[in-house]
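Each remark here refers to the structure printed beneath this line.
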């Protein structure tokens, strides 16, 4: 199991109890590691600086106990933002009808980059159907290298208004 997965397993129960869902955990750096935690509120309200501070304190304490690697480390906590990554089938399902950019590991009909509207999960729930250039294109999850939402007026109009 990769260190990112171990960290995610360790921090998930506490963050879930606090009302947050982990979007991604990644590890960067050389001698001094940076643990990057991307999270969002389970109630789907906008993340605030206070939310990130609470997550940071909790994750820091858990990492001190877990001690995942030797040496110094830093922690970065963020929200996924408007152009959020799509990482799990549930992400694709949640954002059906939205525009996305998807990059695959292997070529599909001579291309690896796709931009289009998320239409549906395939019948076996092992991939997503994307409307690309007037054609429905099925991309299998195990072939998706990276994917994210595209900032559009549609997404901007769905965001909570700031006071």
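All of the numbers you see were taken from the coordinates with simple rules; none came from a lab. Small disclaimer: the values here were computed from a predicted structure and weren't measured.
A few remarks follow.
- Values of log10 I(q)/I(0), in the order q = 0.15, 0.16, 0.17, 0.21 Å⁻¹, for the stretch 89-158 under a Debye, Cα-only, solvent-free model: -0.43, -0.49, -0.55, -0.84
- Note on the chain: with a GNM built from Cα contacts shorter than 10 Å, the maximum mean-square fluctuation among 84, 111, 44 falls on 111.
- Percent of alpha-carbon pairs separated by more than 13 Å within the stretch 53-126: 77 percent
- Normalising by residue count, the chain has a Cα convex hull of 139 Å³ per residue.
- Rounded to the nearest 10 degrees, the inclination of helix 3-18 to the longest alpha-carbon principal axis of the chain is 80 degrees.
- Against the chain, whose longest principal axis is taken from its Cα atoms, helix 49-66 shows a tilt of about 60°.
- Translational D in µm²/s for the stretch 1-69 (Stokes-Einstein at 37 °C, 0.692 mPa s, Kirkwood Rh from C-alpha pairs): 264 µm²/s
- Part-to-part distance (alpha-carbon centres) for the stretch 77-153 and the stretch 1-36, which is given in Å: 23 Å
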